[in-house]
Amino acid sequence: MQQPLAYRMRPRNISEVVGQQHLVGEGKIINRMVTAKMLSSMILYGPPGTGKTSIASAIAGSTKYAFRILNAATDTKKDLQIVADEAKMSGTVVLLLDEIHRLDKTKQDFLLPHLESGRIVLIGATTENPYLTILPAIRSRTQIFEVKPLSETDMQSAVDRALSDKERGLGDFAVDLDEDARQQLIYATNGDLRSALNGLELAVKSTNPDENGRVHITLPIIEETVQRKAITADKNGDGHYNVISALQKSIRGSDVDAALHYLSRLIEAGDLPIIARRLQVIAYEDIGLANPAVAARAVTAIQTALQLGFPEARIPLANAVIELALSPKSNAAITAVDAAISDVRKGATGDVPAHLKDSHYSGAKQLGHGVDYVYPHGHPGDWVPQQYLPDKLMGSSYFKPAGNSKVERAYKEQYAKLRKAQHDGLKGK
């Protein structure tokens, strides 16, 4: 039985890894480890299909060490013993331990001495946050690296490589992949390269070649293969971005019916992760300070939707969209932070005032760091006039709320009151 395309296309060395250049790129940490042949055990965490197994495979291939894969949840201590025995014989084995967050204490205790000796180079893979889920004894003996979602460019590169590779890929099938089909394959699998490659293989091998022996893969074939319909099939392949944009602009414009219409199109396309991400952005970009309670409720509804999955997810999503659309709006927060970022990018920074600098080290006092800092909690109302901005930026004002809701008016009044008191207090010094 032939192995799946995603398995066959696993990178044989570091240079073949798709994406994750912050780890495997020239001069980056894992690349340096491999080049120097100084491997240390590590934990890779991130979404499914983003390259955790690929990186482990590439490390083993680049170093010529034996490579073994086990699962912390399903494989036993006996399976670990087999790997340990192999390491004794061959010197070093790279062990990819999937779902490492499920490693129990018995297996952990068995592994620890082998990690200490370096006979087993452990590469733990998990979708969970290792700082919360991995046992401390393992965590303290490993480097922890985050594996990030693949970009559209990364996905396209991997698909093209699979289509052209005659040894491991689909190069012998003479595939013509329509551009809208390619876009849907990448978009529908949401950065999961394993799903994209295996879906592509299914599409190619289940499609009869034409009279010229070529396999023509169209959008409907990919839609059926990945079980996700394209939102639209426009010639530019950007229809889904248009619908997402229309959803946000409809909520911003307080049109409930239009917002529900565009939400429904995204639901029908099965785009739960995209919906969740965009609604959370909307909650803080467009409602924000005008109605913090609604923004918080929207985030709770979105988290509930992610836990439920479709079809039930449509219910909390509808609640969130309706409340967001009907709520008062404010873009004061995003406008304020963008104005501050703009100053920083233009070089308008200045030195941190001496009394605000870190003073938790020997010699700070001699440098004047933190010496004249006044602790606000020691004063009535937990506030005291004191300079916080660098000299160069004194008087700068980034927060400019419109005050279109009761909540935002309260913030606006408090902001004005504090600025005046700050100005008067510093002026009198």
With the requirement that a residue be closer than 18 Å to TYR7 by Cβ and either of a type outside the set (Gly, Ala, Ser) or touching a Lys or Arg at 6+ places or on another chain (Cβ under 7 Å) (or both), what does segment 60-73 give you? GLY61, PHE67, ARG68, ILE69, LEU70, ASN71
Looking at this structure, is THR335 out of contact with any strand residue (DSSP E or B) (no Cβ under 9 Å at 6 or more places or on another chain) and exposed (fewer than 15 other Cβ atoms within 10 Å of the Cβ)? no
Mind telling me which of the residues LEU317, LEU289, LEU266, LEU306 ends up being in contact (Cβ under 8 Å) with a residue 60 or more places away in the chain and either within 30 Å of TYR415 (Cα to Cα) or part of a helix (DSSP H, G or I) (or both)? LEU289
The one condition LEU426 fails out of (1) part of a loop (DSSP other than H, G, I, E, B); (2) surrounded by 10 or more Cβ atoms within 10 Å (Cβ to Cβ); (3) modelled with pLDDT under 85 is (1)
Within segment 170-218, residues in a loop (DSSP other than H, G, I, E, B) and in contact with a Pro (Cβ under 7 Å, 6 or more places away or on another chain) come out as ASN190, GLY191, ASP192
Do the conditions hold for ALA125, that is, is it touching an Asp or Glu at 6+ places or on another chain (Cβ under 7 Å) and surrounded by 18 or more Cβ atoms within 10 Å (Cβ to Cβ)? yes
Based on this model, can you work out whether ASP79 counts as farther than 18 Å from LEU23 by Cβ, at pLDDT 85 or above and touching a Leu at 6+ places or on another chain (Cβ under 6 Å)? yes
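Residue-wise test of (1) modelled with pLDDT of 90 or more; (2) among the aliphatic types (A, V, I, L, M).
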position	(1), (2)
TYR284	yes, no
PRO292	yes, no
PHE310	no, no
ARG314	yes, no
LEU324	yes, yes
PRO328	yes, no
ASP343	no, no
TYR373	no, no
Go through (1) part of a loop (DSSP other than H, G, I, E, B); (2) within 30 Å of SER330 (Cα to Cα); (3) not acidic (Asp, Glu) for TYR373 and report which single condition fails. (2)
LEU163 is checked against (1) farther than 25 Å from LYS205 by Cβ; (2) modelled with pLDDT of 90 or more; (3) among the hydrophobic types (A, V, I, L, M, F, W, C) and fails just one. What number does that condition carry? (1)
Applying the selection to segment 153-169, what residues are farther than 17 Å from GLN20 by Cβ, without any contact (Cβ under 8 Å) to a residue 12 or more places away in the chain and assigned to a helix (DSSP H, G or I)? ASP160, SER164
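The values are calculated or read from the model by the stated rules, or taken from the named source; none is laboratory data. Bear in mind that the values here come from a model prediction, so they are computed numbers and not experimental data. Cβ sites come from the backbone with ideal geometry, for glycine too, and all protein chains shown count toward neighbours.
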